[in-house]
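Here the structure comes first, spelled out in structure tokens, and everything after it is commentary.
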Amino acid sequence: MAWSPRRSAGRRLQLPLLCLLLQGATAILFAVFVRYNSETDAALWHWGNHSNADNEFYFRYPSFQDVHAMIFVGFGFLMAFLQRYGFGSVGFTFLLAAFALQWSTLIQGFFHSFRGGYILVGVESMINADFCAGAVLISFGAILGKTGPVQLLLMALLEVVLFGLNEFVLLSLLEVKDAGGSMTIHTFGAYFGLILSRVLYRPQLEKSKHRQSSIYHSDLFAMIGTVFLWIFWPSFNSAPTALGDGQHRTALNTYYSLTASTLSTFALSALVGGDGRLDMVHVQNAALAGGVVVGTSAEMMLTPFGALAAGFLAGAISTLGYKFFTPILESKLKVQDTCGVHNLHGMPGALGALLGVLVAGLATHEAYGDGLESVFPLIAEGQRSATSQAMHQLFGLFVTLTFASVGGGLGGLLLRLPILDSPPDSQCYEDQIYWEVPGEHEHLAQGSEETETQA
Amino acid sequence: MAWSPRRSAGRRLQLPLLCLLLQGATAILFAVFVRYNSETDAALWHWGNHSNADNEFYFRYPSFQDVHAMIFVGFGFLMAFLQRYGFGSVGFTFLLAAFALQWSTLIQGFFHSFRGGYILVGVESMINADFCAGAVLISFGAILGKTGPVQLLLMALLEVVLFGLNEFVLLSLLEVKDAGGSMTIHTFGAYFGLILSRVLYRPQLEKSKHRQSSIYHSDLFAMIGTVFLWIFWPSFNSAPTALGDGQHRTALNTYYSLTASTLSTFALSALVGGDGRLDMVHVQNAALAGGVVVGTSAEMMLTPFGALAAGFLAGAISTLGYKFFTPILESKLKVQDTCGVHNLHGMPGALGALLGVLVAGLATHEAYGDGLESVFPLIAEGQRSATSQAMHQLFGLFVTLTFASVGGGLGGLLLRLPILDSPPDSQCYEDQIYWEVPGEHEHLAQGSEETETQA
Amino acid sequence: MAWSPRRSAGRRLQLPLLCLLLQGATAILFAVFVRYNSETDAALWHWGNHSNADNEFYFRYPSFQDVHAMIFVGFGFLMAFLQRYGFGSVGFTFLLAAFALQWSTLIQGFFHSFRGGYILVGVESMINADFCAGAVLISFGAILGKTGPVQLLLMALLEVVLFGLNEFVLLSLLEVKDAGGSMTIHTFGAYFGLILSRVLYRPQLEKSKHRQSSIYHSDLFAMIGTVFLWIFWPSFNSAPTALGDGQHRTALNTYYSLTASTLSTFALSALVGGDGRLDMVHVQNAALAGGVVVGTSAEMMLTPFGALAAGFLAGAISTLGYKFFTPILESKLKVQDTCGVHNLHGMPGALGALLGVLVAGLATHEAYGDGLESVFPLIAEGQRSATSQAMHQLFGLFVTLTFASVGGGLGGLLLRLPILDSPPDSQCYEDQIYWEVPGEHEHLAQGSEETETQA
């Protein structure tokens, strides 16, 4: 097996102690603040004399489960494309998201469902917490392989707070629409991660370059992630929208948009590829841009054609980004973006925000009828014009970019603390530094049977 | 890396240009014809003063998501059993299905939901489009590894039209029942693909024989596909059936049928295997035949015992087909059937159609009560006897076989156009011809670090 | 390829004949006893003049599908961590579960839904049958790689009966609550398997030790299983609970508990690992203990904090079990526990039962309001005090341990019948003895092209 440095006791204890500390803190805060809401509490629900069929659970839980699969299966395996970082990709996704779900239940709860001194929880808070975990995992994608689990947990600790704050400003103060999170999730997560990666810039990363590529099987594992993200994205965008036509239309628009981003990804990938060959990096990532780009507008009357056009554009931009912009990002701007989150979440997210500006600005009473109240309540009530809503949407994008940039910068400074355990330049994208790694092949595993400690 | 031929610029541009052309055409047709239906349109839904719980979304979307997983995860990974064609299996499934979803939305829309000059879309059109994509992927299975993506897209272009036409003749003109598509999906897709494969017969395919087998890990990837198809098949067959007892009974029957096809597959595989060993090809495929065989009859009063018996028979026939009939199909009938779709979809599909004839012929007012109206409206209204319905069902099978055969023949002629980019006999079942392929093992990837262009 | 012994004709025919015999027997019993219930039968459902939305299908089918995915994807792939037993892990899971679904439909049906001489089936019987299959697969985990498929089917034949009997005693006679099966599924399945493994103790198992570990890719396949189990566990525990707040609260509690067991698993794994490294065995298994430990109490008013605390404790105990107790179990107690089911299902299951005792004992009319009737009907009706319910819960644990131990002992004696085909000590954890196994690598497969019989 390859060389691996021994770490000092102080460094080795960082992860266990931080996990215990964070878990202890959230547990105490849960004990003090978190309570069942009226749909999950036995006494409150039965006091209300509801029909069971009215419980929010039946309207949103199937969508929640799809979102949950995207976060843990989708993100985890998509990042497993690296040949020697499969354990870290799937495993740290697991760790980060598990912590983020607890922590964002608290943060988002304080902002959105704090009633009578308590945070009230149910399926909507589960969906929201998963969404926040999604943003953290997007940022993780930018620094994948170059950071240790302690750094990642600290990033999540900070990012969840800023995510909640940004989301509160957008949804509650600006009353911007962003159900599927083109702004709050994708743009925020991407630029937070990119700025953070800039601060952590490693000039000597070349030393690990031979590990920063896929092998045949790791690309297939990554496709598991891609396909689960792709199929469940309609549920992601529609999970928190208005019931009835709202969820239905959002799912339909997302479905169409993804088919178009897939076609444009294949077209552009073959067009720019050597000898017309397709690139798995494009297919694994850019084909998903159709889900990102309609995150804001899919609940609106985007029209099926609008969904196709948006998806097509997003897939094309994303593919071209991987081909031409990622190298510049690293060489000129010193941003090392492991998974290309700028191409999958950054540009398509910002484009999705702008699409939301456009579609909101075109909203009319005629097009939405009595459904206007569900999608744009302030327009329906006459408090805002469609143009004013569009301007608020646009302002939401700038707020998001600001929070993400400042947050990413702070995060980068935090993660650069020299005390934190971080992989050396020559050991990036390498599982062995944080994981017990068995041999790659059968005969290797046989040869090392004395040293293996598998249960 | 292995030898790979350079292609001329004309050939290299075929895929990008065809993708762009097809996407442009469907986008224009969407702009002109496709509109939200009354369940997805904000104005129309709210105009109707419905309860949100009545929206079709809540009755069919969870089933749709399972179907969606089957199409993209199930079919894609099931075909990844080939050692050197994982990218093509998963990737071309992705491309073909994404295009088929758009194109069949238009074709099926013209036949089934064309109202006032517009195609109206919602969750039912999403399910129907996924079903059509399933038929295209079945045909893909017959020619897997022997065709390029341009040929595959052209096949889909033709097949979706004929699928829509055949489905219209069966469901709307003959008023045949076929919820899970034993005829319209499985029989049609299989024989379309088999006839097409016959027309594309390659006498020199032996040159690629060493790649037409699995390796240990590719068989496990294929099992991902198998298991997702198996678990979600109850949702597939029940997704479009009548609400209430209809969906419930269809799911239950399919569930039982699949358990029986699994047991008969293991029994027969061990019985005919060398030294009593089980064959992964059988387990990956024949165990699924129980889902195919009840595609027509699962919504009927098949009885749980009937489901077990049907599944048992289908699993047995399918396993024996892989063992004994596939070699004959190639040597005598010159049909090279890469995935054995004749065994999984062809024979079990036709058998399922005949089972539908039988169960329809046995329908009585006593057995169905007032539910007869949902399953066999023409019998309930006295316009047809059960025997007449059975005869119509049988005629539906012949119509399907005719459309599939003629369509497959036409498709084969189309795909033989010499201008189309197609792999040479010695490069079939090989990803490298259409994909940038990284090394198989870590050290290879390290060795090629200078030439790798991974982002 | 490695040496593999030829088996006698008598041994080779055991599996096919047993499969056919079992399938024939269940089919006959289905024909005689199994009928559609009033929600799946066309005549009965329509006779009742119900609204389709009231059909149980819409309340439980999405949860059922998640459970179904856990059984076949989750268990199957989780056990695929062994380097040379992927086919056996996924394949025998498939076979065992398919048989158990049929057989437990009959056994559970006799105990729970036998009306007028018939077993009535619908989505609830589907969920219950999947639960029973889960217990069988837990036992399979203890003896994975050391038993042949004939032995496994006989184990299932016996275990399903005892599972049904134990479940009947607990749920119907003692009126104990155990929705997610901390006792009936996890404790029962684990101790049944462990005692069985004790009876089958192989002193010479050292001869296969080199195969009893993972390789890099097999650990990633196992993570597919882990992640699907993890994300769908909220559906598992909530699938059979009371509608409305019951399902909602159960899912929420399970979700929180799992996040905490994930954090404690990472903390403890790094703490006890060499040089602070994480161990995939812990992450794959112990992170799931949070789902097991709230199997009894998640439907109760556990509180979100209670869920976190329980999950934290379960993850910690499970991780420490893998590290320190599994070796002792083998060396001192002669229990060879391949997957460590004692750590994932045994201890967390028993702990979950005790947690149920505690939470039931704390039940008050104030905390549950009118919802008390759904969770603890006997307390609501004044027939039992909370303390009495708690004592019944505790007694349920002892009953379960007794049934599991006696059953596992009987099972072990049955499986030791010398006539049964069983792998020799030197061929454990090896697919080749029961499966046609292709080469591990491309060039091997090429080299063996003459002998391959792939279809």
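The values are calculated or read from the model by the stated rules, or taken from the named source; none is laboratory data. These figures come from a predicted structure and were not determined experimentally. Every residue, glycine among them, receives a Cβ derived from its backbone with ideal geometry; neighbour counts consider all protein chains shown. The area values use the complete protein model at the heavy-atom level, side chains included, leaving out ligands, DNA and RNA. Shrake-Rupley method; radii C 1.70, N 1.55, O 1.52, S 1.80 Å.
Side notes on the structure shown:
- For the range B:111-165, the fraction of alpha-carbon pairs in successive 5 Å shells from zero, as %: 5, 17, 24, 21, 15, 10, 6, 2, 1
- Sequentially through the range B:162-171, phi angles give Karplus couplings (6.51, -1.76, 1.60; θ = phi - 60°) of 5, 4, x, 5, 4, 4, 5, 4, 5, 7 Hz, Gly and Pro residues having no value and appearing as x.
- Three-way shape label, the range B:213-274, alpha-carbon gyration tensor, a/c 1.5: oblate
- Ranked order, A:Lys177, A:Lys146 - accessible area, probe 1.4 Å, largest first: A:Lys177, A:Lys146
- 4 °C / 1.567 mPa s Stokes-Einstein diffusion coefficient of the range B:1-148, Kirkwood radius on C-alpha pairs, µm²/s: 74 µm²/s
- Each 5 Å bin from zero up to the one holding the largest Cα-Cα distance in the range B:212-319 carries the following percent of pairs: 2, 15, 22, 20, 17, 10, 7, 4, 1, 0.
- Partner chain coverage, peptide C:238-244 - average Cβ within 10 angstrom: 3
- Mean projected area of the Cα convex hull of the protein assembly as shown, taken over all directions, amounts to 44.0 nm².
- Local electrostatic count, B:Val136, Cβ distance below 12 Å [Lys/Arg +1, Asp/Glu -1]: -2
- Both numbers refer to the Cα atoms of the range A:351-411; Rg and Dmax are 14.1, 46 Å.
- Tail beyond 12 Å, pair distance distribution of the range B:37-96 (Cα, percent): 72 percent
- Set against the 2.2 N^0.38 Å expectation for a compact globular protein, chain A has a Cα radius of gyration ratio of 0.99.
- Relative packing of B:316-323, B:231-238, A:48-55, which averages over residues the other C-beta atoms within 10 Å, highest first: B:231-238, B:316-323, A:48-55
- Taking the C-alpha atoms only, the angle from helix C:14-33 to the longest principal axis of chain C is near 20 degrees.
- Under 18 Å from a label point set 7 Å out along the Cα-to-Cβ vector of B:Gln204, the amide N atoms of the range B:403-428 belong to B:416-428.
- Rounded to the nearest Hz, the phi-derived 3J(HN,Hα) couplings of the range A:246-261 under the Karplus curve 6.51 cos²θ - 1.76 cosθ + 1.60 (θ = phi - 60°) are x, 4, 4, 5, 4, 5, 5, 4, 5, 4, 5, 4, 5, 5, 6, 5, where x marks glycine and proline.
- Relative contact order (percent, whole number), the range C:199-258, Cα cutoff 8 Å, 6+ residue spacing: 25 percent
- FRET efficiency for the pair A:Glu330 and C:Phe324, taken as 1/(1 + (r/R0)^6) with r the Cβ-Cβ distance and R0 = 56 Å, rounds to 0.75.
- Size of the range B:313-388 as Cα extents on the principal axes (Å, biggest first): 51, 20, 17
- Fraction of alpha-carbon pairs over 15 Å apart in the range C:1-66 - percent: 73 percent
- With Cα atoms, 0 to 90° folded angle of helix A:86-112 axis to chain A main axis: 30 degrees
- What the phi angles of the range C:301-312 give under the Karplus curve with 6.51, -1.76 and 1.60, with θ = phi - 60°, is a coupling list of 7, 5, 6, x, 4, x, 5, 4, 5, 5, x, 4 Hz, glycine and proline written as x.
- DSSP beta bridge pairing in the protein assembly as shown, given as percent antiparallel to the nearest 5: 35 percent
- Shape category assigned to the range C:51-136 from the gyration tensor of Cα positions, a/c cut at 1.5: oblate
- For the range C:208-363, relative contact order (Cα pairs under 8 Å, six or more residues apart, normalised by length) works out to 24 percent.
- Long-range HN-HN contacts of B:Trp435 with modeled amide H, under 5 Å: A:Leu278
- Accessible surface of B:Met300, taken over heavy atoms with a 1.4 Å probe and every protein chain present, rounds to 0 Å².
- Chain B, dipole about Cα centre (Lys/Arg Cβ +1, Asp/Glu Cβ -1), debye to the nearest 20: 1320 debye
- Averaged over the residues of peptide A:366-374, the number of Cβ atoms from other protein chains lying within 10 Å of each residue's Cβ is 4.
- Considering only alpha-carbon pairs that sit under 8 angstrom and 6 or more positions apart, the relative contact order computed for chain A is 22 percent.
- For a modelled paramagnetic label at B:Val161, 7 Å from Cα along Cα-to-Cβ, the residues of the range B:194-221 in reach, with backbone nitrogen under 18 Å, are B:196.
- Angle in degrees between helix C:123-143 and the longest Cα principal axis of chain C, rounded to the nearest 10: 40 degrees
- Hits among lysines - C-alpha to C-alpha of B:Lys334 under 24 Å, sequence gap 8 or more where chains match: B:Lys146, B:Lys207, B:Lys209, B:Lys323
- Overall form of the range A:114-267 per C-alpha gyration tensor (a/c, 1.5; a/b vs b/c): oblate
- Spacing of the modelled spin labels on A:Ser172 and C:Ile419, each 7 Å from Cα toward Cβ, amounts to 7.2 nm.
- Approximate spin-label separation C:Ala9-A:His50, in nm, with each point projected 7 Å along Cα-to-Cβ: 6.7 nm
- Peptide A:73-81 has a mean of 2 when you count, residue by residue, the C-beta atoms of other protein chains within 10 Å of its C-beta.
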